[in-house]
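Here the structure comes first, spelled out in structure tokens, and everything after it is commentary.
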Amino acid sequence: MAWLTAHLKTLFASKRPKNPPKRKPPTREEKGKFRATDDDDNTTTTTTTSPSYNNQSSPKRSNSNRSSNTNSSDLTDSDLLPILHYEELHLVPQILTEFPAFYLVGHPLPPPPLSQAKQILTSTDSVKQSLIHPRKSTVRGYNHAKPSGREWWDYSPENGGTMLTLDDEEFRHSTREYFEKSIQLLQKICGEFNNNTFTESGDKRVVVPEEVMSDIGFSTMRYLRYSPTILERPNAPKMEPPVASSSSSSHSGSSSKSQQKEDGYSLPRMEAHTDHGILTLMTATEPSGLYVWDRNGKIFSAPPIENTVMVIAGDLMTHFTAMEGKNVINDGKEAIAEGTVLPTVHAVVLPKGGAERYSVAVFLRPRRDMVVSKHRVTKEDGEVVEENMTFGKWAEEKGRVRGRRCWMIGQERLSGGQDI
């Protein structure tokens with residue numbers, strides 16, 4: 001983590017006395033709240049209170065007037081991402097335009113089914129083979145990617161979650177309960193975009209289609225396992241943790257072709273990518289290995305924090321939050337405004353010698369036939385017409401991008417930095 005430590009020192013270097021007075025260290029929630037309500041403007045301090053933060057004042061939109069119990073030198077890599085309480089979901093639309101992800105505490109979800117993830121992903125090979133989708137779907141049932149050291153199983157909500165699953169009542173109950181309550185939570189977050197986004201005339205703007213809040217669509221839940229034992233090639237090249245791009249506007253450019261080796265050891269990893277749905281809810285075991293990028297190319301470490309879940313944005317949030325009257329596919333960056341949520345670029349790289357990592361990810365997706373945007377098509381006679389872009393078509397076209405490159409804006413194909 002030397003690269004991350006050096007990066008953080010440059011971000012938060014400050015002159016301090018040799019023997020500074022000792023202060024009571026702020027809690028993670030206080031520091032996360034500080035990050036959530038702080039930005040680069042030297043504007044008037046606004047005080048907010050919340051039961052989850054022990055009614056302590058937190059400065060909003062101010063760098064010059066920091067909380068007496070929190071300052072930049074107290075922040076660590078995990079504190080760079082904001083931590084919000086469930087009662088403050090109305091802040092999410094603003095937070096996701098400023099940060100690539102946030103932690104949520106005080107949520108109504110049951111304990112994460114990480115033991116269930118381990119149960120199904122350490123089953124015998126014969127059991128895993130029986131859970132493979134008959135048409136080889138990669139988003140239903142069991143799949144693996146041995147060269148990257150990971151395997152996963154996707155819950156199938158159809159037929160009450162009884163397909164392609166273990167014959168274990170407790171497993172099925174815990175899995176179904178967590179999936180359904182997570183989807184309800186993500187739908188509630190989508191509702192906050194509609195409640196807190198306004199048109200130029202001051203009317204509420206329907207950002208996320210209402211059907212997303214009333215239908216689970218093609219949503220799913222994924223159990224993931226990252227482990228060196230899954231790796232197919234014992235002498236695969238070692239991949240380094242991600243390095244921030246020197247560009248402040250994107251992660252564009254070719255990915256690194258030089259792959260370093262160390263003792264012939266390969267790290268379980270997943271290359272930088274974005275999810276093509278609406279929102280994703282995550283939780284995981286240690287070691288973390290999860291990294292997220294913001295819209296300026298800054299990298300954040302995103303370790304699991306007890307009693308929280310992490311929420312990130314998918315590609316469709318960019319379509320939904322684009323400027324009124326503009327289209328991301330047709331207009332590209334011209335459709336992006338300050339209030340536009342860009343999809344979260346994220347990657348997983350396990351540290352060398354670390355334990356296996358299990359994670360749970362819940363993906364909120366619309367129905368495959370739901371129209372998410374329009375795109376211009378030029379016919380053979382030169383006529384330009386607009387055709388519907390459905391979610392299914394969007395996912396299919398993105399799937400053709402080799403290596404799951406990030407599509408951050410329209411048709412741009414970006415790698416998110418290195419191939420990892």
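Any read-out appearing in this document is the output of simple, stated calculations on the displayed coordinates, not a laboratory observation. The shown structure was predicted, so the numbers you read here are calculated from the model rather than taken from an experiment. Quick reminder, even Gly has a Cβ in these numbers, built from the backbone with ideal geometry, and neighbours come from all protein chains shown.
Numbers at a glance
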read-out: Highest-first arrangement of 185-197, 325-337, 274-286, where packing means the average Cβ count within 10 Å; value: 274-286, 185-197, 325-337
read-out: Lys pairs under 27 Å by Cα in the range 88-235, provided they are eight or more residues apart or on distinct chains; value: 10
read-out: The range 271-332 and the range 344-365: distance between their alpha carbon centers, rounded to Å; value: 13
read-out: Neighbour net charge for TRP152 - beta-carbon separation under 9 angstrom, K R +1, D E -1; value: +1
read-out: Centre separation in Å (Cα based) which lies between the range 160-226 and the range 84-121; value: 12
read-out: Calculated FRET efficiency for the pair ARG205/LEU114, C-beta based, R₀ 35 Å, to 0.05; value: 0.40
read-out: Separation in nanometres of the label points that stand 7 Å from Cα toward Cβ, at PHE198 and THR229; value: 5.7
read-out: Pairs of Cα atoms farther than 27 Å apart, the range 81-404, %; value: 46
read-out: Mean Cβ neighbour count within 10 Å, used as a protection proxy, ranking 354-362, 130-138 highest first; value: 354-362, 130-138
read-out: Cβ-based exposure ranking for MET270, MET317, in which fewest neighbours within 10 Å come first; value: MET270, MET317
read-out: Calculated FRET value between SER123 and GLU169, using beta carbons and R₀ = 22 Å, to 0.05; value: 0.85
read-out: Likely footprinting exposure, PHE198, PHE391, PHE300, fewest C-beta neighbours within 10 Å first; value: PHE198, PHE300, PHE391
read-out: Note, ³J(HN,Hα) from phi for the range 278-289, Karplus 6.51, -1.76, 1.60, rounded to Hz, x at Gly and Pro; value: 9, 9, 10, 10, 10, 8, 7, 8, 7, x, 6, x
